[in-house]
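Okay, so here's the structure we're looking at.
The values are calculated or read from the model by the stated rules, or taken from the named source; none is laboratory data. Here the structure is a predicted model, which is why all the values come from computation and not from measurement. For neighbour counting, all protein chains shown are included, and Cβ atoms are generated from backbone atoms with ideal geometry for every residue, glycine included.
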Amino acid sequence: MPAWKKIREFIAEGAVKASGIVSVFIVALIFYFLLREGARLFQTYRLTDFLLGKNWYPISDPADFGILPLICGTLLVTLGAAVISIPLGIASAVYIAEVAPSRYKEFLKSGIELLAAIPSVVLGFIGMVTVVPWIKTVFGVPTGLTALAGSVILAFMAMPTIVSIAEDAIHSVPKNYKEGAYALGATQWQTIYRVVIPAASSGIVAAVMLGIGRVVGETMAVMMVTGNSASMLRGILFPVRTLTATVAAEMGETVQGSEHYFALFAIGAVLFLITFVINVTADIFLHRKRK
């Protein structure tokens, strides 16, 4: 190999390695900053009261910084979005990878991925003018700004991630698996259900986990359609407030260096840990060896 090619390869390898190290370092700095600012709250406020408290009244006297209603609201909206997006996303991925005519596959996949390019504030606005009035009319509730509205909007935001990664996982299943199933007399749907989906299960689970991670960290859309009521759960047809919406709504109005300020950073640290666990779980499934 000529010397100039070796130098170019060495530079490329060094650049890739440096980019990876810098990325990890930046993530670590972000977590350190959140943890450093958020930990100051616990000099005057107990950690158990913060995590398990049922009242979020940051400007009362004395102030209450219980984030249990916010955690429950986040989990409820995320669970609702998962219930909607996972079946639709996996079904769409199976259709695109195994059923759709070849001339339509790239068109359909590109159309699904274009959903990821829609700004979240636009989806939030669409939800306010369509989903929210529909929920109010159909279910006869006082307001359509509910956890269900947030779940519907977040489901559409999670679907591009689920469909794209799950379709790649299904498409990567070796052809001899399917050929063997057909040789044994299996139909197309039996092959998909009993051979293709089990073989691609690691990638499908990773797609689901990454889609859930996408909706957990969403802010604008969920803030616009969930009603922002920091109260304990009463059901999916009632207003809720999420962790992300709390930070977005209150950070601009809090006094820097106050307990409220540090509490918002503590919420950010909790969110960071939640998304980190979700992404690590997805990575474990994605790299798990197929049996």
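The rows are residues; the columns are (1) in contact with a strand residue (DSSP E or B) (Cβ under 7 Å, 6 or more places away or on another chain); (2) of a type outside the set (Val, Ile, Thr); (3) outside the structural domain of Val225 (by TED's automatic domain parsing); (4) crowded, with 22+ Cβ neighbours inside 10 Å.
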residue	(1), (2), (3), (4)
Ile118	no, no, no, no
Lys136	no, yes, no, no
Val163	no, no, no, yes
Trp189	no, yes, no, no
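Out of everything in the stretch 109-154 that is in contact with a Pro (Cβ under 9 Å, 6 or more places away or on another chain) and part of a helix (DSSP H, G or I), what residue ends up being farthest from Glu218 (Cα to Cα)?
Only one residue tops the list, namely Lys136.
Is it the case that Ala186 is among the hydrophobic types (A, V, I, L, M, F, W, C) and in a helix (DSSP H, G or I)?
It is false that Ala186 is among the hydrophobic types (A, V, I, L, M, F, W, C) and in a helix (DSSP H, G or I).
Residues in the stretch 229-242 that are buried (at least 18 other Cβ atoms within 10 Å of the Cβ) and at pLDDT below 85: how many?
So the answer is 1.
What is the number of the single condition among (1) out of contact with any helix residue (DSSP H, G or I) (no Cβ under 9 Å at 6 or more places or on another chain); (2) on the phi < 0 side of the Ramachandran plot; (3) of a type outside the set (Phe, Trp, Tyr) that Gly180 does not meet?
(1)
Scan the stretch 203-227 for residues that are surrounded by fewer than 18 Cβ atoms within 10 Å (Cβ to Cβ) and touching a Lys or Arg at 6+ places or on another chain (Cβ under 8 Å) and jot them down.
none
Considering only residues that are small (Gly, Ala, Ser) and part of a helix (DSSP H, G or I), which ones fall in the stretch 53-108?
Gly73, Gly80, Ala81, Ala82, Ser85, Gly89, Ala91, Ser92, Ala93, Ala97, Ser102
Select from the stretch 248-270 the residues that are modelled with pLDDT of 90 or more and among the β-branched types (Val, Ile, Thr) and write down the one among them that is surrounded by the fewest Cβ atoms within 10 Å (Cβ to Cβ).
Only one residue tops the list, namely Val270.
Scan the stretch 224-272 residue by residue and report those that are touching a residue at least 12 places away in the same chain (Cβ under 8 Å) and of a type in the set (S, T, N, Q).
Across the stretch 224-272, the qualifying residues are Thr226, Asn228, Ser229, Ser231, Thr242, Thr244, Thr246, Thr254.
When you go through (1) out of contact with any helix residue (DSSP H, G or I) (no Cβ under 7 Å at 6 or more places or on another chain); (2) closer than 23 Å to Ile278 by Cβ one by one for Ala93, which number turns out not to apply?
So the condition that Ala93 fails would be (1).
Here's the yes/no breakdown for (1) at pLDDT 90 or above; (2) more than 30 Å from Phe265 (Cβ to Cβ):
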residue	(1), (2)
Tyr57	no, no
Asp61	no, no
Thr78	yes, no
Ile84	yes, yes
Ile90	yes, yes
Val94	yes, yes
Glu106	no, yes
Ala116	no, no
